[in-house]
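Notes to accompany the following structure.
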């Protein structure tokens, strides 16, 4: 177990864009890096997936195909992947929605980005991995949540 966690594994969140990069394998080096995070679930850390991330990811990977049949296939594959993973899926409850609304106003975030950030913050995640420069910038203003790119992999201690 990682030190300093009192025997509990640290929580991490992967933003929609991280899952999309992983599932579409655009860059093999990035895919390997993200794969390291995913394989670490349950031993190095626990991955929390806000349900808005699941929905966005399935929609985005679908959009990367040109034909409707291929779009459906990509969506189904992404959904099958998530269903097969022992990840921690979290609902957008009232508390999270209100915190997300606050973050929208305070930092001029889009709704889904604010919901993901609020979910990570309220679940007590240590790290939110994202390629979104706006979220990384906002993350600098938050206490207790490290928002960074997955390629800055320093495994959580």
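Bear in mind these aren't lab numbers, they're just calculated from the coordinates by the rules spelled out. Model, not experiment: these values are computed from the prediction. In this analysis, Cβ positions are derived from the backbone assuming ideal geometry, glycine residues included, and neighbour counts consider all displayed protein chains.
Here r is the Cβ-Cβ distance between residue 142 and residue 85 and R0 is 25 Å; the resulting FRET efficiency, rounded to 0.05, is 0.40.
Expressed as a rounded percentage, what relative contact order does segment 19-97 have, with Cα pairs under 8 Å and six or more residues apart? Before the final figure, lay out the partial values.
Values: 63 pairs, mean separation 25.4, N = 79.
Relative contact order, segment 19-97: 32 percent.
For labels at residue 92 and residue 29 in the simple 7 Å Cα→Cβ model, what's the distance in nm? Placing both labels 7 Å along Cα→Cβ, they lie 3.5 nm apart. Normalising the average separation of contacting C-alpha pairs (under 8 angstrom, six or more residues apart) by the number of residues puts the relative contact order of the chain at 28 percent. Between residue 38 and residue 102, residue separation times 0.36 nm minus the direct Cα-Cα distance comes to 20.0 nm.
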